[in-house]
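Participant: What follows is a structure written as structure tokens; I'll ask about it next.
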Amino acid sequence: MRHDTLSDMFSTIKNAEMMGKKSCVTCASKLIKGVLKIMQKHGYIGNFEFIDDGKSGKFKIELLGRINDCKVIRPRFYIKKDEFIKWEKKFLPFVNGGLLLLTTSQGIMDHREAKKAGIGGGLLGYVY
């Protein structure tokens with residue numbers, strides 16, 4: 001039984017990247033779909049497709065070999081709109097050296113989009 005599907009997705013992707021695989025399969029949810037769209041938009045993964053297995057479904061993800069590390073941030077800290085640099089220094093190798101993934105009132109987005117929109121949110125994870 002899975003307790004944290006986002007954490008399972010990140011560890012599946014990271015393990016497949018370390019093994020040099022070209023694709024991996026992970027469980028599906030709206031949260032995972034939003035995170036995968038952001039990762040695809042920034043070039044960390046290739047295309048992904050939904051596979052209906054009669055239950056909740058799965059995503060088949062095409063890997064590009066560009067991910068060094070990706071993890072979930074627990075507990076989900078809430079960030080104000082002017083605190084992004086503090087959290088970038090804490091979780092990323094250098095400022096603007098990756099993505100902090102946030103859940104906001106306007107949906108799931110990365111920290112750069114949230115800076116432009118002038119909103120804060122809850123930290124989900126990071127990827128670089």
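Participant: Of the residues ARG112, ARG76, which single one is without any contact (Cβ under 8 Å) to a residue 24 or more places away in the chain, of a type in the set (D, E, K, R) and surrounded by 13 or more Cβ atoms within 10 Å (Cβ to Cβ)?
Facilitator: ARG112
Participant: If you take just the helices (runs of 4 or more DSSP H) that sit entirely in the range 12-128, which of them hold at least 1 residues that are in contact with a strand residue (DSSP E or B) (Cβ under 7 Å, 6 or more places away or on another chain) and over 25 Å from ARG2 (Cα atoms)?
Facilitator: Counting at least 1 such residues, we get 84-91, 111-117.
Participant: While we're looking at this one, here's another question. Scan the range 30-55 for residues that are touching a residue at least 40 places away in the same chain (Cβ under 8 Å) and loosely packed, with under 11 Cβ neighbours inside 10 Å and report the count.
Facilitator: Adding up the residues that qualify gives 0.
Participant: Take PHE84 and decide whether it is within 15 Å of ASP110 (Cβ to Cβ), surrounded by 14 or more Cβ atoms within 10 Å (Cβ to Cβ) and either among the hydrophobic types (A, V, I, L, M, F, W, C) or within 15 Å of the chain's Cα centre (by Cα) (or both).
Facilitator: yes
Participant: Continuing with the same structure: From LYS22, LYS89, LYS58, which residue is farther than 20 Å from GLY107 by Cα and either touching a His at 6+ places or on another chain (Cβ under 8 Å) or in contact (Cβ under 8 Å) with a residue 40 or more places away in the chain (or both)?
Facilitator: So the residue among LYS22, LYS89, LYS58 that is farther than 20 Å from GLY107 by Cα and either touching a His at 6+ places or on another chain (Cβ under 8 Å) or in contact (Cβ under 8 Å) with a residue 40 or more places away in the chain (or both) is LYS22.
Participant: Got a number for residues in the range 53-78 being touching a helix residue (DSSP H, G or I) at 6+ places or on another chain (Cβ under 6 Å) and at pLDDT below 95?
Facilitator: 0
The values are calculated or read from the model by the stated rules, or taken from the named source; none is laboratory data. Nothing here was measured: the structure is a model prediction, and the numbers come from that model. Every residue, glycine as well, gets a Cβ built from its backbone with ideal geometry; the counts of neighbours run over all protein chains shown.
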